[in-house]
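The values are calculated or read from the model by the stated rules, or taken from the named source; none is laboratory data. Here the structure is a predicted model, which means the values were calculated and not measured. Cβ placement follows ideal geometry from the backbone for every residue including glycine, while neighbour counts extend to all protein chains displayed. Quick note on the areas: whole protein, heavy atoms, side chains included, nothing else; ligands and nucleic acids left out. Shrake-Rupley method; radii C 1.70, N 1.55, O 1.52, S 1.80 Å.
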Amino acid sequence: MSQKTLTDSAPGRAVEDAPAASSKRWWILAVVAVAQLMVVLDATIVNIALPSAQADLGFSDGNRQWIVTAYALSFASLLLLGGRIADLFGRKTAFLIGVVGFAAVSALGGAANGFGMLVTARALQGAFGALLAPAALSLLNTTFTDARERARAFSVYGAIAGAGGAVGLLLGGVLTDAFDWRWTLYVNVAIAVLAFVGGWLLLTNHRDAGNSKLDVPGTVLVAAGLFSLVYGFSNAETHDWGSGLTWGFLIAGGVLLAAFAWWQTKAAHPLLPLRILLDRNRAASFLAVLISGGGMFGVFLFLTYYLQLNLGFSPTKTGVAFLPMVGALMVAAQLGTTALVPRIGPKVVVPLGFAIAAVGMAWLTGIGVGSSYVSAVLPQLIVIGVGLGLVMPASMQLATGGVAAEDAGVASATVNAMQQVGGSIGTALLSTLAASAATDYLAGKDATSKLVQAQATIESYTTAFWWSAGLFAVGAVIAFMLFRSGVPEQDADAAPVVHM
């Protein structure tokens, strides 16, 4: 039955036929999933290849971390701008430009002849990713309006967002071992071709905020604020918390973001309308994504070191070791978004997921120098995967559900920003705590002994795991306190807008 849906939001909103969108919605999900995978896995795929890239290009250990940080800085600081561009100029346009640009600068990075060229390519990857990611998520949000189908779609998207980092580790290891580190960047070209062809054929350009204008002051304030915040935490990772540069950027970031929040109450066309943040479930979801992004790096970062340096795993074997976690996460994602949240609501499901993940992280602290992967790592990874699978997809669905169509892009960008900023903060905090733990352990011991050195690394890993467990426990409490009881309205009824 043909049906047109209208809302009473921004003027100039175009109206689309629901059947036209529904006939191709699952193909659209596949295209969006491919694009999202490309963006998410690029946050980790280069990590495993860094030693090879460093040996080939000859850059220093001090410069090495900027290959990772450059991506995070540009991605996090430009996400809200990317989301608003998608709302203003059309999601298909933003999606396709993001895909093409991401592929082009990935090829540039793969062909890099020095550190400067590689770090520039990584920064540009982050910029195009900031355009692509919110466009992809907002397309998903406005395509699936049936409650059950929307839950199923978000279970797939959330699983990719949660497991993409582990997939990046696996793919990075396989490509580095089988070919060369450059293929961890070249592979994006092949992925982008699939996403571009699918997007070109299936999507139509829709501008839900076509009559609005870009909030230039707000864009400058939030971009500078997020950049300063992420840079400050990244600087703490490479220097220390006593560094004036670290605190200078962190304070500047806080001031700029406060100024941005104030400006959003005054701007005629705000970049981030505060109505998006005022919904209680949505605010709780944003915090859940932030916390899960921070704690998850305790798994990916330090367990990667443990598997390779302590257990002697190859890059490929390390990536394979994470697959059980990915499988558990995907199963839990499907169960949580399609069965549990629609029946009992997020106030139970999300805190339960955090609690399960906290138990898994605490259990993981039992690793030792000579531990077995099968007994000391595998069961724990599965438990953590189940927990994160209950948290991330449900939170992403609730964070973007129920928003007006003209705000879908910026709401989606906020979700991505929360995950990226959470990951950056988590990396810096956990790295600092881990390094301090290793230093404390070595105090008064024979630091030249290989056994002592190995045990010091174990102390650093387990410290990071304990803090990650604590972060997940805090997430459980916050989620339980903030989420409303009962089933969210957007899960009980179809969303009011049908667009593609």
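The table below lists the values:
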read-out	value
Helix-only [θ]222 nm of the chain, DSSP H runs n ≥ 4, -39500 (n - 2.57) each, per residue, nearest 500	-26000 deg cm²/dmol
Net charge, Ala284 excluded, C-beta distance under 10 Å - Lys, Arg +1, Asp, Glu -1	+3
Sequence-distant residues sharing a close amide H with Thr365 (under 5 Å, placed H)	none
Mean Kyte hydropathy of 1.6 or more with a Cα span along the axis of at least 20 Å, helices from DSSP in the chain	25-41, 183-202, 346-364
Mean Cβ count within 10 Å, highest first, over the residues of peptides 73-81, 100-108	73-81, 100-108
Largest to smallest accessible area among Trp26, Trp66 [probe 1.4 Å]	Trp26, Trp66
Violating pairs (Cα-Cα greater than 26 angstrom) within the set Lys92/Lys213; Lys317/Lys347; Lys24/Lys92; Lys317/Lys450	Lys317/Lys347
Radius, Kirkwood style, for the range 288-381 when every pair of distinct Cα atoms is counted (Å)	14.5
Computed over the range 319-434, Cα set: Rg, Dmax in Å	16.2, 55
Most to least packed among 240-251, 27-38 [average Cβ atoms within 10 Å]	27-38, 240-251
Highest to lowest packing among 444-456, 118-130, 313-325, 265-277, scored as the average C-beta count within 10 Å	118-130, 313-325, 265-277, 444-456
Relative frequency of Cα-Cα separations exceeding 16 Å in the range 35-111, percent	59
About the Cα centre, charge dipole magnitude for the chain (Lys/Arg +1, Asp/Glu -1 at Cβ), debye	580
Average projected area [Cα convex hull, the range 361-492], square nanometres	10.3
The range 181-311: proportion of alpha-carbon pairs further apart than 27 angstrom, %	50
Probe 1.4 Å, all protein chains present, accessible-area order of Glu459, Glu149, largest first	Glu459, Glu149
